[in-house]
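Visitor: Below are the structure tokens for one structure; questions will follow.
The values are calculated or read from the model by the stated rules, or taken from the named source; none is laboratory data. This one's a predicted model, so the numbers in the text were calculated from it and none came from an experiment. Each accessible area value is taken on the protein alone, full model and side chains, heavy atoms only, with ligands, DNA and RNA left out. Shrake-Rupley method; radii C 1.70, N 1.55, O 1.52, S 1.80 Å.
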Amino acid sequence: MNAIRKFIESETNEVSINITLPDEFKSRKLEVIILPVTDDVETKKEIDLEAYHQSIMDYYSKFHVDFTGYKFNRDELYDR
């Protein structure tokens with residue numbers, strides 16, 4: 001798939017655009033998409049791994065399961 005991408009600066013709400021299309025674009029339906037470009041570059045926050053691990057431990061510490069006497073039986077797994 002070929003695409004043509006142009007960046008145009010506009011001072012008003014009217015813009016005239018002339019684009020020379022390659023030969024392979026002849027006699028085809030074309031889709032024109034116009035999107036605003038933001039110049040702001042978002043920086044990713046660095047993750048504090050210790051705080052992340054602690055938050056996971058705090059979340060799962062609320063759940064208490066007693067597996068005393070539990071025995072896994074693989075044959076029961078496939079009895080359905």
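Visitor: What's the number of the condition L77 fails, among (1) over 23 Å from the mean Cα position of the chain (by Cα); (2) at pLDDT 80 or above; (3) open to solvent by less than 100 Å² (accessible area, probe 1.4 Å)?
Guide: Answer for L77: the failing condition is (2).
Visitor: If K71 satisfies every condition in (1) open to solvent by less than 100 Å² (accessible area, probe 1.4 Å); (2) part of a loop (DSSP other than H, G, I, E, B) but one, which is the exception?
Guide: Result: K71 fails condition (1) only.
Visitor: Confirm whether E42 is at pLDDT 85 or above and under 29 Å from the mean Cα position of the chain (by Cα).
Guide: So E42 fails the test.
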